[in-house]
Amino acid sequence: MCVRCRHITDTPMVVAEIDSATGPGFNVYCCPECARYYFAHPEGRSDWPGSEDGAL
């Protein structure tokens, strides 16, 4: 499922890898349509998933 638009995709792209201190971490995915949003801003944004203001 795409973390931005919440649609199910057959071709997910990894946006982030979330590490966990207790147990396994997990990957955050986006669909190809939303990939431009994430990869156009490599410096990061406060509203990205996993940030203080973002939500998964």
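The values are calculated or read from the model by the stated rules, or taken from the named source; none is laboratory data. Note that the coordinates shown come from a computational prediction; the quantities given were computed from them, not determined experimentally. When we count neighbours, we look across all protein chains shown, and the Cβ atoms used for this are built from the backbone with ideal geometry, even at glycine.
For this structure, a couple of remarks:
- Hits in the range 1-26 - residues which are closer than 14 Å to Y37 by Cβ and part of a strand (DSSP E or B): M13, V15, A16
- Within this structure, V15 passes the test of being modelled with pLDDT under 90 and either within 10 Å of the chain's Cα centre (by Cα) or β-branched (V, I, T) (or both).
- Filtering the range 29-36 for residues that are touching an Asp or Glu at 6+ places or on another chain (Cβ under 8 Å), assigned to a loop (DSSP other than H, G, I, E, B) and either surrounded by 12 or more Cβ atoms within 10 Å (Cβ to Cβ) or modelled with pLDDT under 70 (or both) leaves an empty set.
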